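Here is the structure we will look at, set down as structure tokens.
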Amino acid sequence: MNKIDIIARRILGWKLNRWDRWFDHEKGIFIYESEFQPEQNLDHAMVIVEKLEQLGFSYTQKGASEVCFNEVCATGDTLAQAIMNAAYSIAENSSIAEEWL
């Protein structure tokens, strides 16, 4: 599983519908992998920010390419990459994921 798959499943709650798309049960829509690229598209990354905020995380931008969700901070080449890296850290850290997700 890659970063996007892990974030889609563990944070956004999307279910893999088939090999190339997820299903967002909250909105009742299919999302194709090719249409959700949060590392390259800031609007897509902000979907992750919004979901984490709904789950109780506080989002802080600390620079052009550094962000924090509560105590979990990350950097990237771009703001979108920093968001992805921080979200991935949250999704991969089982103690944080169990507490918040």
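The values are calculated or read from the model by the stated rules, or taken from the named source; none is laboratory data. Treat the numbers as computed from the prediction; the structure is a model and nothing was measured. Glycine gets a Cβ as well: all are built from the backbone with ideal geometry, and neighbour counts include every protein chain shown. Only protein heavy atoms, including side chains, enter the accessible area calculation; ligands, DNA and RNA are left aside. Shrake-Rupley method; radii C 1.70, N 1.55, O 1.52, S 1.80 Å.
Structure values in brief
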quantity: Net charge, residue 3 excluded, C-beta distance under 10 Å - Lys, Arg +1, Asp, Glu -1; calculated: -3
quantity: Kirkwood hydrodynamic radius over Cα pairs of the chain, then Stokes diffusion coefficient at 4 °C and 1.567 mPa s, in µm²/s; calculated: 96 µm²/s
quantity: 44, 25, ranked by accessible area, largest first (probe 1.4 Å); calculated: 25, 44
quantity: Sulfur and carbon atoms: percent of accessible area, the chain [1.4 Å]; calculated: 46 percent
quantity: Anisotropy class of segment 1-45 from Cα gyration tensor, a/c 1.5 cut; calculated: rounded
quantity: Inter-probe distance in nm under a simple model that places probes 7 Å from Cα toward Cβ, at residue 15 and residue 73; calculated: 3.9 nm
quantity: At most 13 other Cβ within 10 Å, DSSP loop - GluC sites (Glu not before Pro), segment 1-79; calculated: 26, 71
quantity: Accessible area of the chain divided out per residue, in Å², using a probe of 1.4 angstrom; calculated: 56 Å²
